[in-house]
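To start, the structure under review is shown below, and the notes come after it.
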Amino acid sequence: YAEEIAANYSPSFVSLMSLILARILNRVYDGIVFQHAETLQQVAAGKEIIYVPCHRSTMDDILLPFAIYQRGYAIPHIAAGLNLNLPIVGRLLRKGGTFFIRRSFRGNALYTVVFMKYLAAIMARGHPIEYFIEGGRSRTGRLLPPMTGMLSMTVRSYLREPRRPAVFVPVYFGYERLIEARTYIGELSGKPKEKESVRGLLRGIVRILRQRLGHVYVNLGEPIYLERLLDRYGPGWRERTFDDQNRPPWVNALVDELALSIMRNINGAATVTPINLLAVILLATPRQALLEADLLRQIDTLVAVLRAIPYSNRVTIAHEEARRTVDYGVELGVVL
């Protein structure tokens, strides 16, 4: 079980892949915009960082570590489904810091213990961790209900060995175009999900290199400090000893609040892109068509509302000029 789970991080491999990915990503994206990066300066020193992104695309696994590494920070150990442990691919992913997790632990107490011990070990060593709070990818762009299994194990592992303060950093991914768009439409129409394979991965890489995907936004949300929640839910927790047989009754309530706070902070770090504005307006009109003057006026109205009543101070608007928004949509081929 330990060999099935564990990463095999290689700094030289990560350094090499950062150069290769820089060429690929700069080719398919017009720009990778990493916003609120100053958050890392606030939380990096002496903290155990747990990145908890939303999950929109397979590119999520690459973009966050790439953006972090480009700014001189250690990339996180990333939890991935065991279905991605493909021949050759799985070995390379492990060298990049990926560790693998089964979809269900039910009925296997030994696997549960081994996984939690591994999670506690990498946290105790100070390695940052990343896992997707929704579990799987959203096919609609809306956030899925949070999956609390990994959160619960993280909290319990921390309670057993709280060497350094733990902080959760929500992450928002904003795409103007998804590489899986056609696949998602097919699945929403009833087609079964394709099983991961090396052949499918290679086809996906070729498809990516042929596309122009616009900009992608990687935004860090407001961090959430675990110790503050522990002080509220379990006063005196620092003086207690926790183990597998000593699970405090308040952990479930703490994890539920933590999960909801993460989801709110992901939404609170959103970027409103030109494609978002065009989609909101055109999809609500008959036949998805509108006079240009009316379209420009509605864009101005939406931007004015967003500026007057912002969801949070971390929400950003990519383009505030209506004409520039329409021209960009035409340039990407989403508006004719």
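A few remarks follow.
- Accessible area of the chain belonging to carbon and sulfur atoms, whole % at 1.4 Å probe: 55
- When Rg and Dmax of the Cα atoms in Å is computed from the coordinates, the matching label among (1) 25.5, 95; (2) 21.2, 67; (3) 21.7, 79 is (2).
- Computed over the stretch 65-220, the quotient of the alpha carbon radius of gyration and 2.2 N^0.38 Å is 1.15.
- The chain, accessible area per residue, ligands and nucleic acids excluded (1.4 Å, Å²): 52
- For the chain: relative contact order, % (alpha-carbon pairs under 8 angstrom, 6 or more apart): 23
- For a straight C-alpha distance cut-off of 16 angstrom, the aspartates and glutamates reachable from Lys47 (same-chain residues fewer than eight places away being disregarded) are Glu38, Glu130, Glu161, Glu222, Glu227.
- Separation in nanometres of the label points that stand 7 Å from Cα toward Cβ, at Glu3 and Lys193: 2.8
- Taking 0.36 nm per residue of sequence separation and removing the Cα-Cα distance, the Gln211/Asp256 pair yields an extension gain of 12.2 nm.
- Label sites at Ile20 and Ala109, each approximated as a point 7 angstrom past Cα along Cα to Cβ, lie 4.3 nm apart.
- If you take the Cα centroid of the stretch 45-121 and the Cα centroid of the stretch 156-194, the two points sit 11 Å apart.
The values are calculated or read from the model by the stated rules, or taken from the named source; none is laboratory data. None of these values were measured; they are calculated from a predicted model. Because the Cβ atoms are built from the backbone with ideal geometry, glycine has one as well, and the counts that use them run over all protein chains shown. Keep in mind that these areas ignore ligands, DNA and RNA; they rest on the heavy atoms of the full protein, side chains included. Shrake-Rupley method; radii C 1.70, N 1.55, O 1.52, S 1.80 Å.
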